[in-house]
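Down below is the structure, laid out as structure tokens.
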Amino acid sequence: MKRIWRGLLLALLLAALSSSAMAQTFVSEGLCTFTYPDNWEDFGADSSYDEEGRYYNLGYIGGSRYYDLNVSVDLYYYEDFADMRLFSADSATLRDYARSIESSFYEVQSSEIIEAGEYGIPFVVVHGVDQDGECLYANTIANGWCISLCGFAYADRGYRNLRELTEEDEQVFRAIIESFEPILEGSDS
């Protein structure tokens, strides 16, 4: 019984910490906004790998310590999905899309669809292992344009090895996704 209470208290504490600490706003002009922890830094976008009309790094945010959670925000274009809009997709299409995302991981620890923000934008969110190690990955797509967020944390100061992610990392990543809002044309956002 004590374990149950400890687990419940830990979950409540993590939820309170992650929700109250989300104070900064990431803005990708003309595209989206979301909030992230107040003690994190916005390291900016790295355009060195951008490819016109196909891929753009929108930004990189994270904690200042090498072992803190970091999140890369990217925009990809997939011509095969030019007609897909997850926000208007039926449940079978969402499940199929989630399976296609899951298939890119060596191992999937968890997978879910989160409806984010006021507009309920669906994101496929996967906690898995890919070629680089353990990560959290969130993805949504509209008209071929895919917005993805990838969360990971380093195990060493050399930034070569990734560490296992914690429940707190998952809570923070989930809170970031849940705060996602598109910037709609003609809106004041």
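The values are calculated or read from the model by the stated rules, or taken from the named source; none is laboratory data. Since this is a predicted model, take the numbers as computed values, not measurements. Positions of Cβ are backbone-derived with ideal geometry, glycine not excepted, and every protein chain shown enters the neighbour counts. Heavy atoms of the whole protein, side chains included, go into the accessibility calculation; ligands, DNA and RNA do not. Shrake-Rupley method; radii C 1.70, N 1.55, O 1.52, S 1.80 Å.
Could you work out [θ]222 nm for the chain from helices alone, using -39500 (n - 2.57) per DSSP H run of at least four and dividing by all its residues? Round to the nearest 500 deg cm²/dmol.
-7500 deg cm²/dmol
Averaged per residue, what accessible area in Å² does the chain show with a 1.4 Å probe, protein chains only?
59 Å²
Nearest 10 degrees is fine. How inclined is helix 167-178 to the longest principal axis of the chain, computing both from alpha carbons?
Between helix and principal axis, roughly 30 degrees.
If you roll a 1.4 Å probe over the chain with all protein chains in place, what percent of the accessible area is carbon or sulfur?
Its accessible area is 48 percent carbon and sulfur atoms.
Order Phe173, Phe43, most accessible first, counting only protein heavy atoms with a 1.4 angstrom probe.
Phe43, Phe173
Which whole-number percentage describes the relative contact order of the chain, with Cα contacts under 8 Å and a sequence gap of 6 or more?
Computed value for the chain: 23 percent relative contact order.
Hey, got a sec? Which trypsin sites (Lys or Arg not before Pro) in region 56-95 land in a DSSP loop and have at most 16 other Cβ atoms within 10 Å?
Answer in residue order: Arg65.
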